[in-house]
1. Just to be sure I understand the filter: pairs with C-beta atoms under 9 Å, separated by 6 or more residues or on different chains, first member in the range 57-86 and more than 16 Å from residue 44 (Cβ to Cβ), second member basic (Lys, Arg) and part of a loop (DSSP other than H, G, I, E, B). Which pairs pass?
2. Among the residues of the range 29-48, write down those that are touching a residue at least 24 places away in the same chain (Cβ under 8 Å) and either in contact with an Asp or Glu (Cβ under 8 Å, 6 or more places away or on another chain) or in a loop (DSSP other than H, G, I, E, B) (or both).
3. Could you run through the range 1-23 and say how many residues are part of a loop (DSSP other than H, G, I, E, B) and closer than 18 Å to residue 66 by Cβ?
4. Kindly evaluate residue 68 against the criterion of being acidic (Asp, Glu), surrounded by fewer than 16 Cβ atoms within 10 Å (Cβ to Cβ) and part of a loop (DSSP other than H, G, I, E, B).
5. For the range 45-62, how many residues are at pLDDT 85 or above and surrounded by fewer than 17 Cβ atoms within 10 Å (Cβ to Cβ)?
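The values are calculated or read from the model by the stated rules, or taken from the named source; none is laboratory data. If you're wondering where the values come from, they're calculated on a predicted model, not measured in any experiment. Glycine gets a Cβ as well: all are built from the backbone with ideal geometry, and neighbour counts include every protein chain shown.
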Amino acid sequence: MPHVFTGSVTINGAPAPDGAEVTVWVKEYDGPVGASIASGGNYSVLVHQHGTASFGGKTLIFKVKGQDTGETGRWERGGATVLDISLN
């Protein structure tokens, strides 16, 4: 079961434009483990576990338009988290 993250997404204090990409990364991976497109200043992204290694307790890194937001979250099987993210 994936973990869902949802919330608002802003860029320089304003709602992110529709179509702005939100990606979620695990430090040990060379590509995103989840991706979403902002709509109405909000996002919702499912983060599925990849491969056989557990994501349990791993720190997830959130990026907007390819830039690190400094926001992080923790993966839990079947979890759901409201996390507002901002790119300054």
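1. 58/27; 59/27; 61/27; 74/58
2. To start, the set of residues in the range 29-48 that are touching a residue at least 24 places away in the same chain (Cβ under 8 Å) comprises 32-34, 38, 40-48.
Residues satisfying the conditions are 32, 33, 38, 40, 41, 48.
3. At the first step, the residues of the range 1-23 found to be part of a loop (DSSP other than H, G, I, E, B) are 1-2, 12-13, 16-20.
Of the ones still in play, those that are also closer than 18 Å to residue 66 by Cβ are 12, 16-20.
Qualifying residue count, the range 1-23: 6.
4. Values: acidic (Asp, Glu): yes; surrounded by fewer than 16 Cβ atoms within 10 Å (Cβ to Cβ): yes; part of a loop (DSSP other than H, G, I, E, B): no.
So residue 68 does not fit the description; no.
5. Going through the range 45-62 one residue at a time, the tally reaches 3.
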